[in-house]
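The values are calculated or read from the model by the stated rules, or taken from the named source; none is laboratory data. A quick note: this is a predicted structure, and the numbers were derived from the prediction, not measured. Neighbour counts are summed over all protein chains in view; Cβ atoms, including those assigned to glycine, are modelled from backbone coordinates with ideal geometry. We work out accessible area using only protein heavy atoms, side chains counted, and drop any ligands, DNA or RNA first. Shrake-Rupley method; radii C 1.70, N 1.55, O 1.52, S 1.80 Å.
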Amino acid sequence: MAGEPQSDCLFCKIVAGEIPATVVRKTERTLAFRDIHPQAPTHVLVIPHAHYPNAAELAAAEPEIAGELLAEAGEVAKDEGLDSYRLIFNTGAGAGQTVFHAHVHVLGGRTLHEGLV
Ligand code: AMP
Ligand code: ZN
């Protein structure tokens, strides 16, 4: 069923507590934790507990949770003292997506390149 945990999914295992993560925020429907290979002084991933392969599919199926993901990304930035930050949703292997459980990267704390890539 859509949204159900997948046994072969790394982020589902983090949600289940089977793989450790440095959790910075948690709600009933979302989890925010530090990226294991940070690309900036702040690099946090915000994910839904529910399994959807990417952010667009999450938004199509569960728009409220998609909205909460964005709100939580903003709260993470606030907690980290960032007034400038970047949100990234890699979608598809060709765009660099490596974990196929919806997530948004919250990046900040250094000057971010002005372009998109
Ligand atoms: P993406 O490339 O957009 O799919 O992002 C996946 C992110 O997950 C990458 O930035 C990885 O560094 C990160 N990552 C992979 N394994 C872990 C883990 N066990 N804990 C935290 N972050 C992870
Ligand atoms: Zn998953």
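Largest first, what is the accessible-area ranking of Leu69, Leu82, Leu10 with a 1.4 Å probe?
Leu10, Leu82, Leu69
Please work out how much length the chain gains when fully extended from Leu70 to Gln6, using 0.36 nm per residue of separation minus the C-alpha to C-alpha distance, in nm with one decimal.
Net length gain for the segment: 20.7 nm.
Keeping every protein chain in place, order Ser84, Ser7 by accessible area at 1.4 Å, biggest value first, i.e. largest first.
Ser7, Ser84
What number comes out for accessible area per residue over the range 30-117 if the probe is 1.4 Å? Units Å², please.
That works out to 53 Å² per residue.
Longest segment of the chain with no trypsin sites (Lys or Arg not before Pro) in a DSSP loop having at most 15 other Cβ atoms within 10 Å?
Between the exposed loop sites, the longest stretch runs 30-109.
Restricting to DSSP H runs of at least four residues, report the calculated mean residue ellipticity at 222 nm for the chain, -39500 (n - 2.57) per run over all residues, nearest 500 deg cm²/dmol.
Per the formula, -8000 deg cm²/dmol.
Rank Gln39, Leu58, Ala73 by how far each Cα sits towards the positive end of the charge dipole of the chain (+1 on Lys, Arg Cβ; -1 on Asp, Glu Cβ) and give me just the farthest.
Gln39
Length gain on complete extension for the stretch His113 to Gln39, per 0.36 nm per residue less the alpha carbon to alpha carbon distance?
25.4 nm
Go ahead and set up a Gaussian network model of the chain, Cα springs under 10 Å, then flag whichever of Glu28, Glu18, Glu75 fluctuates most.
Maximum fluctuation in the GNM of the chain, among the listed residues, is at Glu28.
Can you work out ³J(HN,Hα) from phi for every residue in the range 20-31, in order, using Karplus 6.51 cos²θ - 1.76 cosθ + 1.60 and θ = phi - 60°, giving whole Hz and x for Gly and Pro?
x, 8, 8, 7, 10, 8, 8, 10, 4, 10, 9, 9
Give the ranking of Asp79, Asp8 by solvent-accessible surface, highest area first, calculated with a 1.4 Å probe.
Solvent-accessible surface, decreasing: Asp8, Asp79.
Tell me, what % of the accessible area of the chain is carbon and sulfur with a 1.4 angstrom probe?
Carbon and sulfur atoms account for 54 percent of the accessible area of the chain.
With +1 on each Lys and Arg Cβ and -1 on each Asp and Glu Cβ, how big is the dipole of the chain about its Cα centre, in debye rounded to the nearest 20?
Taking the Cα centre of the chain as origin, the dipole is about 300 debye.
Using θ = phi - 60° and the Karplus curve 6.51 cos²θ - 1.76 cosθ + 1.60, what whole-Hz ³J(HN,Hα) does each residue of the range 99-111 get, with Gly and Pro shown as x?
10, 9, 10, 3, 7, 10, 8, 10, 10, x, x, 9, 5
What whole-number distance in Å separates the alpha-carbon centres of the range 76-101 and the range 2-23?
So the two Cα centres are separated by 18 Å.
Considering every Cα-Cα pair within the chain, what fraction, in whole percent, is farther apart than 19 Å?
Counting pairs separated by more than 19 Å, the tail of P(r) holds 43 percent.
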